Amino acid sequence: VPSQNPQRILILGGGFGGVYCARALERHSNSTENQIILVSRDNYFIMTPLLFEAGSGVLDPRHAVSPIRRMLRRTVFILAAVESIDVETKSVAVRSPQGMRNIEFDQLVLAIGGITNTSLIPGSHDAFQFKTLRDAIDLRNNCIQMFEEADTETDPERRKRMLTFVIIGGGLVGIELQGELTEFIENIRPTYPRVKKEDIRFELIEGGKRLVPELDEDMGDYAAKILARRGVNVRLNTRASKIENGTVYLPSGETIAANTIVLAAGVAPNPLLANLPVEKDKHGRVIVEPTMRSKSHPYIWALGDCASIPDPEGKPYPQLAQHALREAKVLAHNILAVTKNEPLKPFIYKSKGTLAALGRYRGVGKVNEFKVYGFLAWWVWRTYYLLQMPGFSRKLRIVIDWTVALFFKNDVTELK
Ligand SMILES: Cc1cc2nc3c(=O)[nH]c(=O)nc-3n(C[C@H](O)[C@H](O)[C@H](O)COP(=O)(O)OP(=O)(O)OC[C@H]3O[C@@H](n4cnc5c(N)ncnc54)[C@H](O)[C@@H]3O)c2cc1C
């Protein structure tokens, strides 16, 4: 696909950064000024905060995602995996079931996000991850499978392993997942008459001295208290040293044998960035100017989880959706400004708050410096993400799922 006039803007990645950048470009320019192409390997955008409920079955998994094509108007969407980026010839090689092809560009936007960090703990590849829709479905299937087997298992050791659920990482993703998992498991347990509440073991392992470093200390304590009340053994200052044969090894020499070990220990850079000849930070993210433009290659831009964007103090912004979607709008403005020879804007954003849902009508977080706990936090969290979900029909489907979930138990059908 050779480039042409008008300018071709190629966006890689259909997450918060990529899709919202395309939408902003569409809104502020027209087809005589540019052609927008977005490449992503899934034809849907994931509302990641809703992934927990998609995993527990409160939401139909399809309702936590939105079809990218319906979110865009004139952007050309290409469903393909990006294989390599050639910054010198300004071309990107992509693979789809039809084979390989090259797409040329004038301006390139990197919005490819990150991957689950498997480099911290040896053996991490044997653990479940929680980043994609497939991850959420696989984890749910596995939990149900464990109950199916444990219900008739007679060997006590094997049974214990089936009913032990370990999450490694007590950040935002780890605690939200833990909250939803305790609720899901408590909800499905009565379907398995031979599994008693006291047979189930939850372990949350966090290397730092408190949970959710993204929030204030007392909020981490609150989350720990809520989870402990639900039977979770919260271990702080504990770094898992390895995972091997379904066993988590701890520095004390203690081991935890579990058939369900989930890794929620942070984000690593997308492997596509490894060979890209642009400046990167120590985490492998692309270092860009506050305008999100590459220092070395002015026709390359980066945002979201794959970028290191300095705030006014020079500290990189956190890897959060609320940042990525705002970065997208400023980045779109800047690309258009370059083509019109107008001044660029730096990205400056002060977070309005962060909320974490803990399942079972509980949450914790901060909104505009106000600390919120319990039901209120949970309610604000749900309402906010409902409103964020693109499209009226998706919103309606989510509300229906939530309403049904109030009155009925979680489904135990495996989705294979
Ligand atoms: C479970 C979970 C819950 C979260 N909850 C919150 C929350 O409550 N609040 C919050 O602010 N943040 C939250 N986050 C973080 C937030 O999701 C990320 O910061 C945000 O998604 C970053 O946006 P992005 O566009 O940079 O990357 P992503 O949203 O990850 O998008 C990257 C896109 O690139 C595509 N891609 C990657 N590689 C290739 C390739 N080689 N070829 C083709 N396509 C490719 C991917 O498929 C994806 O569509 C959560 C994250 C997770 C995993």
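The values are calculated or read from the model by the stated rules, or taken from the named source; none is laboratory data. All values reported here derive from a predicted model rather than from experimental measurement. We place every Cβ from the backbone using ideal geometry, glycine too, and count neighbours over all the protein chains shown.
Observations on the structure shown:
- Search result, residues across the range 280-295 that are away from the ligand (no atom under 14 Å from the Cβ) and buried (at least 19 other Cβ atoms within 10 Å of the Cβ): THR291, ARG293, SER294
- Just so you know, in the range 16-35 the residues that are away from the ligand (no atom under 16 Å from the Cβ) and of a type outside the set (Asp, Glu) include one that is nearest to VAL92 (Cα to Cα), and it is GLN35.
- One residue alone among GLN107, GLN98 is modelled with pLDDT under 95 and either under 18 Å from LEU273 (Cα atoms) or out of contact with any Leu (no Cβ under 8 Å at 6 or more places or on another chain) (or both), and that residue is GLN98.
- Meets criteria (over 30 Å from MET146 (Cα atoms), within 24 Å of the chain's Cα centre (by Cα) and among the small types (Gly, Ala, Ser)) for GLY266: no
- Hits in the range 28-45 - residues which are buried (at least 20 other Cβ atoms within 10 Å of the Cβ), out of contact with any Ser or Thr (no Cβ under 8 Å at 6 or more places or on another chain) and under 12 Å from ALA80 (Cα atoms): VAL39, SER40
- Qualifying residue in the range 325-338 (condition: more than 16 Å from the ligand (Cβ to nearest atom), assigned to a loop (DSSP other than H, G, I, E, B) and farther than 17 Å from LEU50 by Cα): no
- Output for the range 144-160, where each listed residue is closer than 24 Å to ARG235 by Cβ and either polar (S, T, N, Q) or buried (at least 21 other Cβ atoms within 10 Å of the Cβ) (or both): MET146
- Candidates GLU104, GLU83, GLU88, filtered to the one that is free of Cβ contacts under 8 Å to residues at least 12 places away in the same chain and either of a type in the set (Asp, Glu) or within 12 Å of the ligand (Cβ to nearest atom) (or both): GLU88
- The residue that is nearest to PHE45 (Cα to Cα), among those in the range 380-415 that are surrounded by 14 or more Cβ atoms within 10 Å (Cβ to Cβ) and among the acidic types (Asp, Glu), is ASP401.
- The range 177-219, subset of a type in the set (Gly, Ala, Ser) and more than 20 Å from the chain's Cα centre (by Cα), residue surrounded by the most Cβ atoms within 10 Å (Cβ to Cβ): GLY207
- Tabulated pairs, the range 241-252, first within 20 Å of LEU163 (Cβ to Cβ), second aromatic (Phe, Trp, Tyr) and surrounded by 12 or more Cβ atoms within 10 Å (Cβ to Cβ), C-beta under 8 angstrom, 6+ apart or interchain: ILE243/TYR249
- Scan of the range 53-70 for residues that are within 12 Å of the ligand (Cβ to nearest atom) and either β-branched (Val, Ile, Thr) or touching a strand residue (DSSP E or B) at 6+ places or on another chain (Cβ under 7 Å) (or both), ordered by number: ALA64, VAL65, SER66, ILE68
- GLY169 touching a residue at least 60 places away in the same chain (Cβ under 8 Å), crowded, with 22+ Cβ neighbours inside 10 Å and within 25 Å of ALA405 (Cα to Cα): no
- Residue selection: ALA377 fails the criterion of being buried (at least 17 other Cβ atoms within 10 Å of the Cβ), more than 21 Å from the chain's Cα centre (by Cα) and of a type outside the set (S, T, N, Q).
- Scanning the range 93-148 for residues being more than 23 Å from the chain's Cα centre (by Cα), among the charged types (D, E, K, R) and over 29 Å from LYS295 (Cβ atoms) gives a total of 3.
- Selection of the range 366-384 for residues being on the phi > 0 side of the Ramachandran plot and either out of contact with any strand residue (DSSP E or B) (no Cβ under 9 Å at 6 or more places or on another chain) or not in a helix (DSSP H, G or I) (or both) yields ASN368, GLU369.
- Scanning the range 152-210 for residues that are within 16 Å of the ligand (Cβ to nearest atom) and aliphatic (A, V, I, L, M) yields ILE167, ILE168, LEU172, VAL173, ILE175, LEU177, LEU181, LEU204.
- Residue, nearest to GLU279 (Cα to Cα), within the range 302-317, restricted to residues that are more than 8 Å from the ligand (Cβ to nearest atom) and in a loop (DSSP other than H, G, I, E, B): ILE309
- Residue in the range 333-350 that is closer than 30 Å to ARG382 by Cβ and at pLDDT below 95 present: yes
- Subset of the range 339-360 (residues that are surrounded by fewer than 14 Cβ atoms within 10 Å (Cβ to Cβ), away from the ligand (no atom under 16 Å from the Cβ) and either on the phi < 0 side of the Ramachandran plot or of a type in the set (Ser, Thr, Tyr) (or both)): LYS340, GLU342, PRO343, ILE348
- Check on GLY113, at positive phi and crowded, with 20+ Cβ neighbours inside 10 Å: yes
- Members of the range 258-279 that are surrounded by fewer than 16 Cβ atoms within 10 Å (Cβ to Cβ) and either over 24 Å from ASP126 (Cβ atoms) or away from the ligand (no atom under 15 Å from the Cβ) (or both): ASN275, PRO277, GLU279
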